[in-house]
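Undergrad: Here it is, the structure in full.
The values are calculated or read from the model by the stated rules, or taken from the named source; none is laboratory data. This is a predicted model, so every value here is computed, not measured. Ligands, DNA and RNA are stripped out before the accessible areas are found, and what is left, the full protein with its side chains, is counted by its heavy atoms. Shrake-Rupley method; radii C 1.70, N 1.55, O 1.52, S 1.80 Å.
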Amino acid sequence: GIDADAHEIKEANIRKNRTDARYIVGDLMDPPILPPVDAILCMHVMEHIKNPKKLFDVFSRQLAPDGKLLILTSNRKNPLYFGNALCPLWVNNWLKQLFHLEINRTQLFYRANTEKELRRVLNDSKLGITHLSYCLDIPMTLHSTPYRICWLLLHTFLVSARLTRLFPMIAIICQKEK
């Protein structure tokens, strides 16, 4: 795995359960030269990318023939993320200092966070979609335990009521085109 956050890489290396897994600090847009991989997992990344086409080109180059890309991303149409999209980073930093409340830690762009945008950019990068679905999203602001319990109860209700489109996350599996 590659992440710009050294703390996240350190945590991943501590938690890893596979001896062949490798986690390094790096820039996704300009990754180190690595051998081709069979699969790439891209979770909660797309909303932070200024140039999604460039990132998908990097993924396409990095994938082995018939390699797969799994993308899990928040959907810009999710009402819980509306505030994140409007909240400048300086406001988040101010809220964090004054109230220890964090809305988002990094800048958000939402350039490829709808089904239509993702289909267009993936097609341009020669990554064919083999599966696309929607699932319930748990916003990062709700990851602390008290909020998570409330969200899980709400999640149970929404799934049982089949209302997953209210708070959708987009899940896509792509395959490198030959």
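Undergrad: Could you list, in their original order, any pairs among 16/68; 53/178; 10/96; 16/96; 50/96 whose Cα atoms are separated by more than 27 Å?
TA: 16/96
Undergrad: A further question on this structure: So how exposed is residue 99, as accessible area in Å² (1.4 Å probe, rounded to 10)?
TA: Number for this one is 130 Å².
Undergrad: Near the amide H of residue 49, under 5 Å away, which other amide H atoms are found, from residues 5 or more places off or on another chain, if H is placed in the peptide plane?
TA: 109, 110, 111
Undergrad: For residue 77, which aspartates and glutamates qualify as cross-link partners when the Cα separation must be under 17 Å and same-chain residues fewer than eight apart are set aside?
TA: 47, 115, 117, 137
Undergrad: Using a 1.4 Å probe, how large is the accessible area of residue 176, given in Å² and rounded to the nearest 10?
TA: 50
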